[in-house]
Amino acid sequence: MPDKLLRVLVADDIASNRTIVGAFLARLNCKPLYAEDGVEAVEAFCRESPDVVLMDLMMPRMDGFEAIRQI
């Protein structure tokens, strides 16, 4: 049975950062999940239950500090 892919939530308001990190994770045989701000990160965490979260701290609508508290 193949190993389960590690699912990683990447929360960052800068699209190029998400793209770069996602490409790196894909090369490591991980499944990247994306959020553009803290609100989306909390929603994605609740919906997807990722194994790991990579969180930017300074984002619009909800910063990473508050998103992590809610997660």
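The values are calculated or read from the model by the stated rules, or taken from the named source; none is laboratory data. These figures come from a predicted structure and were not determined experimentally. Here the Cβ positions follow ideal geometry from the backbone for every residue, glycine too, while neighbour counts run over all protein chains shown. Only protein heavy atoms, including side chains, enter the accessible area calculation; ligands, DNA and RNA are left aside. Shrake-Rupley method; radii C 1.70, N 1.55, O 1.52, S 1.80 Å.
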Inset, instruction - Might you check whether a residue that is on the phi > 0 side of the Ramachandran plot and not polar (S, T, N, Q) occurs anywhere in the stretch 9-26? - result: no
Inset, instruction - May I ask you to list the residues in the stretch 36-49 that are touching a Lys or Arg at 6+ places or on another chain (Cβ under 6 Å) and either among the charged types (D, E, K, R) or open to solvent by 80 Å² or more (accessible area, probe 1.4 Å) (or both)? - result: ASP37
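To keep it simple, each residue is scored yes or no on (1) among the β-branched types (Val, Ile, Thr); (2) open to solvent by 30 Å² or more (accessible area, probe 1.4 Å).
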| residue | (1), (2) |
| --- | --- |
| LEU5 | no, yes |
| ASP12 | no, no |
| ASN17 | no, yes |
| ILE20 | yes, yes |
| ALA23 | no, yes |
| LYS31 | no, yes |
| TYR34 | no, yes |
| ASP51 | no, yes |
| MET58 | no, yes |
Inset, instruction - List the number of the failed condition for VAL53; all other conditions in (1) under 12 Å from the mean Cα position of the chain (by Cα); (2) aliphatic (A, V, I, L, M); (3) part of a helix (DSSP H, G or I) hold. - result: (3)
